[in-house]
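Worksheet: one structure, shown below.
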Amino acid sequence: MSKMHLVFGGRVKDPRGLDFVDLKNIDIVGIYPDYKSAETAWRGAAQRTVDDAEMKYVVVHLHRLLEPDAPAA
C-alpha cells in the first residue's frame, strides 16, 4: 500500500489541541505520497497562517488508518 499522507487545517478552539471549530470550513491542502512532500505542504500552509494562533495544520498518516495492524516502517 502507498504511504499516503493527508494535510489539512482549520480554526481550533485551543491552539494546544485538535478540536476544530467549524468542520465545514476545513482547508484540505492535499494528499501526498510520502511524508517529506506532506511536510513541505504542511509547512507552506502553516506559514501562511503563522500570525493566527487559532489556525492549525496537521499531517495525518492515512496509511496507518487504512492498515492499522501493518508493521511500522
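The values are calculated or read from the model by the stated rules, or taken from the named source; none is laboratory data. The model shown is predicted, which means the values in this text are computed figures rather than measured ones. Cβ coordinates were reconstructed from backbone atoms using ideal geometry, including for glycine residues, and neighbour counts include every protein chain displayed. Calculation scope for accessible area: heavy atoms of the full protein, side chains included, ligands and nucleic acids excluded. Shrake-Rupley method; radii C 1.70, N 1.55, O 1.52, S 1.80 Å.
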Exactly one of D27, D51, D22 is in contact with a Gly (Cβ under 9 Å, 6 or more places away or on another chain), free of Cβ contacts under 8 Å to residues at least 24 places away in the same chain and among the charged types (D, E, K, R), and that residue is D22
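Residue by residue, here is whether (1) outside any loop (DSSP other than H, G, I, E, B); (2) open to solvent by 50 Å² or more (accessible area, probe 1.4 Å) holds:
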| site | (1), (2) |
| --- | --- |
| S2 | no, yes |
| L6 | yes, no |
| G9 | yes, no |
| R16 | no, yes |
| G30 | yes, no |
| W42 | yes, yes |
| V58 | yes, no |
| P68 | no, yes |
| P71 | no, yes |
If I ask for residues that are closer than 14 Å to V60 by Cα and either among the basic types (K, R) or out of contact with any strand residue (DSSP E or B) (no Cβ under 8 Å at 6 or more places or on another chain) (or both), which ones from region 3-32 would you list?
K3
Go through (1) modelled with pLDDT under 90; (2) open to solvent by less than 70 Å² (accessible area, probe 1.4 Å); (3) among the charged types (D, E, K, R) one by one and return the number of the condition D34 breaks.
(1)
